[in-house]
Amino acid sequence: MEVFLLNNKSIDTLIVGAGFAGMYSLYKQISDGFKSEIYEQGDGVGGTWYWNRYPGARCDIESMDYSYSFSEELQQEWNWKQKYGTQPELLDYANFVSNKFDLKKNINFNTKITKAKFSKKTNKWLVETNQKELIECKYLILATGNLSTPNTPKIKGIKNFKGNIFHTGAWPKKMPNFNGRTVGVIGTGSSGVQSIPIISETAKKLLVFQRTPNFSLPARHSELPELKRENYKKNYKEYRQLAKNSSFGIAKYQPPTQSAFDVSDEERNIIYQKAWEEGGQAMLFSFTDLLTDKKANDTAAEFVRNKIRETVKDKELAEQLCPIDHPIGTKRLCLDSHYFETYNKENVSLVNISNHPIDEITSNGLKSNDTEYLFDDLVFATGFDAMTGAVSAIEISNDKNETLKSKWNDGPKTYLGVMVSGFPNLFMITGPQSPGVKSQMILSIEQHVDFIHSLINHKKVNKYKTITAKTKNQDEWVNHNNEVAHSTLYPLAHSWYNGDNIVGKTRNFMPYVGGVANYKKICDEIVKDNYKGFDFS
Ligand code: N01
């Protein structure tokens, strides 16, 4: 039997995770007078930007958008230096925020939450940590992140490898030195696409093991011109409002107005070319039907494939790098800095493993299709158990001894991505079936945190003991989520949005793709309608 030291800690709100969601949630809770603490497994704040320290890690949304808007003082004080926040800059920003609002005194670092059980007797959660502490709380808020549980595929022989093994999603604090070494990288998603060009700068030789090629657009990263930053800061209110009214929470990407077929082929190519030169995700916002009509999508996909063909000198290699298995944008679009150019370098080789999976990791490399590839260091850029991984890793059970994990066996079911029926006073920030990962994450985080706090305040003011999502409304929301997803091309891709990347995970399209503006409108109407779909008792 395990012995627990009763910490005697009883608090109002326990928040799991000290990323951007956890920090803002803590700030709100403390401001509203709730006794609140964060539990965080790392030794610092920053979440995604704490763990993903791999070479080249940087946000794919411009910094002036990808930042908190809740404090005018904060957004005026902080000066972004880079157009796209780099991992070190984003981590500095997270620390700046936590210092400014004095959050660290309420954060328990190096502590993992392992279990949480709701008691109907006390109407409280009893939460256990890996430090054998027990904490009682009224509200449990999971700010655990959607891309925070690294996925390392179970490949035979991995323990035999004699060199160093890294995962992009859990990169060591001390940057490894690849100078003069042969490096193998498995994975060509966003993390691979960002790290491969940088690793190739120092490695003697770089072998990229590609199962599926990905669409990637040039980020056109640069220093952020002071004039642009100052203009943005002066007009922040307007920009933030534009972002809130958009589909993806990014001010400059307003909903397009014309179909790809409203223009001639020549005009369409001019529009794509302009977006290509601008960089970022602009191309996806060129026409109304790129994510709903396969033929429209093909025009953009072929434009990008032609760019790959123009860039990669070896024609056969270029074809291997051209994605043909999914419509462009139905997997998270990668943004890169000279990714395809990297394959023109003498020290870089692509190993196409699309038809021959990796058979085993050996002591000095890996084997695929009867060939052994040798390398000194191995980098897994193999992604995450997305959206449900971090929540399911905690043994969360209700008063009927039902676990959340078992409830989600056939895919997650939530009401608005915020609550799960049968689990009172338990909240998720940007959970499955919310627009989180399909939006500018910090904007969605702020909207969710504000919504959750209005639920909690409503409960408090009216002296209710519990809040729960009603099963009927949850079912309706899940159906709506699926209907919206299936009216688009998204389900056609094998992606982490569908859970396809994890062996054994039930296929289920998880994010809400109806857009952040629509989603917020729905949430606001629910509040006005006396919190429709939530049961207060
Ligand atoms: O992970 P991924 P990621 N054998 O799942 C391959 C965000 N992000 O870390 O496509 C061989 O996209 C897999 O192959 P396949 C962003 O939202 C943002 O790169 O499954 N290969 C794929 O190539 C992103 O979408 C930023 O066939 C295997 C790769 O590994 C999300 O995080 C930066 C394999 C995984 O790609 C995840 O990106 C980084 C196996 N057994 C990440 N298993 C920015 O803000 C997997 N793969 C810019």
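The values are calculated or read from the model by the stated rules, or taken from the named source; none is laboratory data. Everything numeric in this text was worked out from a predicted model, so none of it was measured. Cβ: placed from backbone, ideal geometry, glycine included. Neighbour counts: every protein chain shown. Protein only, heavy atoms only, side chains kept; ligands, DNA and RNA dropped before computing areas. Shrake-Rupley method; radii C 1.70, N 1.55, O 1.52, S 1.80 Å.
Overall, the range 110-225 carries a charge dipole of about 580 debye about its Cα centre when +1 sits on the Cβ of Lys and Arg and -1 on the Cβ of Asp and Glu, all other atoms neutral. The gain in end-to-end length when the Lys112 to Phe96 segment is fully stretched comes to 3.4 nm, 0.36 nm per residue minus the alpha carbon separation. Charge tally around Ala469: other residues with Cβ under 15 Å, Lys/Arg +1 each, Asp/Glu -1 each, net +1. For the pair Thr202 and Phe261, a Förster radius of 51 Å applied to the C-beta separation gives a FRET efficiency near 0.65, rounded to the nearest 0.05. Only helical runs count toward this figure. For the chain, summing -39,500 (n - 2.57) over DSSP H runs of n ≥ 4 and dividing by all residues gives -9000 deg cm²/dmol at 222 nm. Once you sort the root eigenvalues of the Cα gyration tensor of the range 44-199 as a ≥ b ≥ c, which label holds: rounded (a/c under 1.5), prolate (a/b larger than b/c) or oblate (the other case)? It is oblate, given that a/c is not under 1.5 and a/b is not larger than b/c. Within the accessible surface of the range 203-291, defined with a 1.4 Å probe on protein heavy atoms only, the carbon and sulfur portion equals 51 percent. Whole-Hz Karplus values for the range 56-65 come out as x, 5, 7, 6, 9, 10, 4, 4, 5, 8 Hz, taken residue by residue from phi with 6.51 cos²θ - 1.76 cosθ + 1.60 and θ = phi - 60°; glycine and proline positions read x. Against the empirical curve 2.2 N^0.38 Å, the C-alpha radius of gyration of the chain lands at a ratio of 0.98. The 3J(HN,Hα) values that the Karplus relation (6.51, -1.76, 1.60; θ = phi - 60°) gives for the range 257-271 are, in residue order, 10, 10, 6, 4, 9, 7, 10, 6, 4, 5, 4, 4, 5, 5, 5 Hz. Gly and Pro appear as x.
Are there any GluC sites (Glu not before Pro) in the range 1-104 that are in a DSSP loop and have at most 12 other Cβ atoms within 10 Å? List them by number. Passing sites in the range 1-104 are Glu2.
Normalised per residue, the accessible area of the chain is 44 Å², obtained with a 1.4 Å probe and no contribution from ligands, DNA or RNA. With K and R counted +1 and D and E -1, the other residues having a Cβ less than 15 Å from that of Val185 yield a net charge of +1. For trypsin sites (Lys or Arg not before Pro), the sites in the range 463-533 that DSSP calls loop and that have at most 12 other Cβ atoms within 10 Å are Lys463, Arg507, Lys532. The lysines whose alpha-carbon is closer than 21 Å to the alpha-carbon of Lys407, local same-chain residues fewer than 8 away aside, are Lys115, Lys117, Lys120, Lys124, Lys470, Lys472, Lys505.
Cross-link reach is defined here as a Cα-Cα straight distance under 14 Å, omitting same-chain residues fewer than 8 places apart; for Lys237 the aspartates and glutamates meeting it are Asp65, Glu72, Glu73. With coordinates expressed along the principal axes, the C-alpha atoms belonging to the range 339-489 extend over 68, 36, 30 Å, beginning with the largest. Per-residue Karplus couplings for the range 415-430, computed as 6.51 cos²θ - 1.76 cosθ + 1.60 with θ equal to phi - 60°, are listed in order as 9, 6, x, 10, 9, 10, 5, x, 10, x, 6, 10, 10, 10, 9, 6 Hz, Gly and Pro entered as x. With respect to the chain, whose longest principal axis is taken over its alpha-carbon atoms, helix 471-486 is tilted by about 10°.
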